[in-house]
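The values are calculated or read from the model by the stated rules, or taken from the named source; none is laboratory data. In this text, all values refer to a predicted model and were calculated from it rather than measured experimentally. Note that each Cβ is placed from the backbone with ideal geometry, even for glycine, and that neighbours are counted across all protein chains shown. Calculation scope for accessible area: heavy atoms of the full protein, side chains included, ligands and nucleic acids excluded. Shrake-Rupley method; radii C 1.70, N 1.55, O 1.52, S 1.80 Å.
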Amino acid sequence: MAAETLLPSATPVRFVAEDGSRADQNGTYGEPAGERLKEAYRLMVLGRRFDVQATALTKQGRLAVYPSSAGQEACQVAAALALEAGDWLFPTYRDSVALVARGLKPGEVLTLLRGDAHCGYNPVETRVAPQCTPLATQTLHAAGLAHAMQRRGEDAVALALIGDGATSEGDFHEALNFAAVFKAPVVFFVQNNRFAISVPFEKQSAAAALAYKGIGYGMRSEQVDGNDAVAVLAVLDDAVKHAREGRGPVLVEAHTYRIDAHTNADDATRYRDAEEVAKWREADPLKRLATFLQNENLLRSDEIQAFAADAEVFAQSVRDTLNAEPELDPLSLFDHVYAEPTRQLQWQRAALAAELEA
């Protein structure tokens, strides 16, 4: 494959400028239909409210920790909308909004962050892998599962969500190499939010853009304005189509920004200034998409109000779910350790059961 066919666009793909007007940086990508864009906006409003509510729940002791994705809603929602029901999503701990957009219940999504279990939903039924905390390990899982689906003749794609910090991990490069060699139907979607915890992008990579990292593996690559929901959805639609048609994996980098701290336990003021955050707040993906849709007569004021009202109802359901005390079975600790429990495990389970009955 010629190297020039793998190169990303010289500048990030963009359909909509910061002020909501049309931008002409979209190359040959087709614009998503208006109804899909309106649905994307609805889910972004829902996701923003969910994110705010989850952050508040950490302060009330209902969540152990919460990594906000405020400012990254265009990426989160587009990742969910670009997939079909039979496709697989491989999220990180910061991708709760993508799971909500995928249709998972808040209580299921927040189980990990509440500390009740490693995963609150059935990955096989939902086609969503457990939220991954170790950086980049999910990229290997996505590549392997995509290759397995390919060998079984399944018409399905895997999409792995990754942060910019994960691209510095060895697992990321192993996954890209494997996927490219076997032409696995997988999309690697990097949300470059400028900070790997407290390390700015410039101090972790000398690459002009992370999208260029795919070229060395013979993988088609692209970069996109991560705060332009129209562009992100258009690029991911195309990447998923490319992978589904058996033409190999795709690496997509979205240039975005993490508005809040790394988690509620982080003090972001120690490594970035308020002016930088304020500048990125002006590039709010929700405001940009709403303005664009209104300019195109695709979104009415009463619909904006209705979406906001629905998001408040949703937030109440999140509060109600998380305020209820969980009913946990201590003996479930032993359920998924081994397919066939060892004698030691059986003894420990019996010992705990006797203690609970005492």
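If you take every DSSP beta bridge fully contained in the chain, what fraction is antiparallel? Give it as a percent rounded to 5.
15 percent
Determine which residues of segment 38-68 fall in the zone a paramagnetic label at Asp116 would reach in this model, i.e. backbone nitrogen under 13 Å from the point 7 Å along Cα→Cβ.
From segment 38-68, the list is 62-64.
Can you tell which of Thr28, Thr92, Thr269 shows the greatest fluctuation in a Gaussian network model of the chain with Cα springs below 10 Å?
Taking springs between Cα atoms under 10 Å, the residue moving most is Thr28.
Just the number, please: carbon plus sulfur as a percent of the accessible area of segment 239-358, 1.4 Å probe, no ligands or DNA/RNA counted.
The computed percentage sits at 51.
Please say if the chain is rounded, prolate or oblate, where rounded means a/c under 1.5 for a ≥ b ≥ c the square roots of the C-alpha gyration tensor eigenvalues, and otherwise the choice is prolate for a/b larger than b/c and oblate otherwise? Mind dumping the intermediate values first?
Values: a/c = 1.71, a/b = 1.26, b/c = 1.36.
In terms of gyration-tensor shape, oblate.
Any chance you could check the Cα centroid distance between segment 225-269 and segment 1-41 for me, in angstrom?
12 Å
Assign one of three labels to segment 6-153, namely rounded, prolate or oblate, based on the Cα gyration tensor with a ≥ b ≥ c the square roots of its eigenvalues; rounded applies when a/c is under 1.5, prolate when it is not and a/b is larger than b/c, and oblate otherwise.
Details: a/c = 1.96, a/b = 1.23, b/c = 1.59.
Since a/c reaches 1.5 but b/c is at least a/b, the shape of segment 6-153 is classed as oblate.
In square angstrom, what is the accessible area per residue of segment 24-148 with a 1.4 angstrom probe?
Here the residues of segment 24-148 average 37 Å² of exposed surface.
Express the carbon and sulfur contribution to the solvent-accessible surface of segment 1-95 as a percent, rounded to the nearest whole number, probe 1.4 angstrom. Could you put the intermediate results ahead of the total?
Details: 2010 of 3810 Å².
Of the solvent-accessible surface of segment 1-95, carbon and sulfur hold 53 percent.
Using Cα pairs under 8 angstrom and six or more residues apart, how large is the relative contact order of the chain, in percent?
RCO, the chain: 25 percent.
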